[in-house]
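Please read the structure below before turning to the comments.
The values are calculated or read from the model by the stated rules, or taken from the named source; none is laboratory data. Nothing here was measured: the structure is a model prediction, and the numbers come from that model. No Cβ is skipped: glycine too gets one built from the backbone with ideal geometry, and neighbour counts run over all protein chains shown.
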């Protein structure tokens, strides 16, 4: 069975927080090459690894992984802001 | 910056390694048949040198040899997939190579497989999984942030 591609924001989050690939790899318990594969979206992580990544960044899973192409974070923040403004 | 072989370089070293292994065996039998003229001795030594250098570059420097021979406990989930996939293909390729050699020997009615050819097959069996992993894997530099 061919699994569908998962999109992620690992690269953006890592750069934003000024973390090296090596540091991230050590923290989530994988090889540095695997971080490269995850960032290039050439490898879908297991559920366990996906949760480790979420825990590391302290963000909900849907903000990091998605089966649909992800929008830039800035766009998502504006949308969220508009949504909150609309509710008020 | 720590430099690593690119996938293209890995592939070149792997091909060079197996071609030099074939050349080494061919020159050995040819040299033995013609009672070792100096030109064949030089070619044989040249093949051995290329074989050793390419082995170091393709398997040891890239750490794929270590990767396919280490315990699963030392691998992450993606590496385990890579190793399992490499072993699967290596098993098929090795079986085909063995069958070709057995049938070729049967057709030409050659004497039984000798030590050098057996050593070559043993080497192939041990390096094929690492070669397949190195052939498919993309390397990234440690400092490539």
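For (1) assigned to a helix (DSSP H, G or I); (2) modelled with pLDDT under 95, each residue gets a yes or a no:
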{"site": "B:16", "(1), (2)": "yes, no"}
{"site": "B:22", "(1), (2)": "yes, yes"}
{"site": "B:27", "(1), (2)": "yes, yes"}
{"site": "B:30", "(1), (2)": "yes, yes"}
{"site": "B:36", "(1), (2)": "no, yes"}
{"site": "B:39", "(1), (2)": "yes, yes"}
{"site": "B:44", "(1), (2)": "yes, yes"}
{"site": "B:49", "(1), (2)": "yes, no"}
{"site": "B:53", "(1), (2)": "yes, no"}
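Assess whether residue A:50 counts as being in contact with a strand residue (DSSP E or B) (Cβ under 8 Å, 6 or more places away or on another chain), under 27 Å from residue B:64 (Cβ atoms) and part of a helix (DSSP H, G or I). Taking the combined requirement at face value, the residue satisfies it.
The residues listed here are A:41, A:68, A:55; of these, the one that is free of Cβ contacts under 8 Å to residues at least 12 places away in the same chain and either more than 30 Å from residue B:66 (Cα to Cα) or more than 9 Å from chain B (Cβ to nearest Cβ) (or both) is A:55. In the range B:49-75, the residue that is nearest to residue A:45 (Cα to Cα) out of those that are within 11 Å of another protein chain (Cβ to nearest Cβ) and surrounded by fewer than 20 Cβ atoms within 10 Å (Cβ to Cβ) is B:75. In the condition set (1) surrounded by 12 or more Cβ atoms within 10 Å (Cβ to Cβ); (2) in contact (Cβ under 8 Å) with a residue 40 or more places away in the chain; (3) away from every other protein chain (no Cβ under 12 Å), residue A:4 is compliant with all but (1).
Somewhere in the range A:14-25, is a residue under 25 Å from residue B:70 (Cβ atoms) and more than 9 Å from chain B (Cβ to nearest Cβ)? Yes, the range A:14-25 contains at least one residue that is under 25 Å from residue B:70 (Cβ atoms) and more than 9 Å from chain B (Cβ to nearest Cβ).
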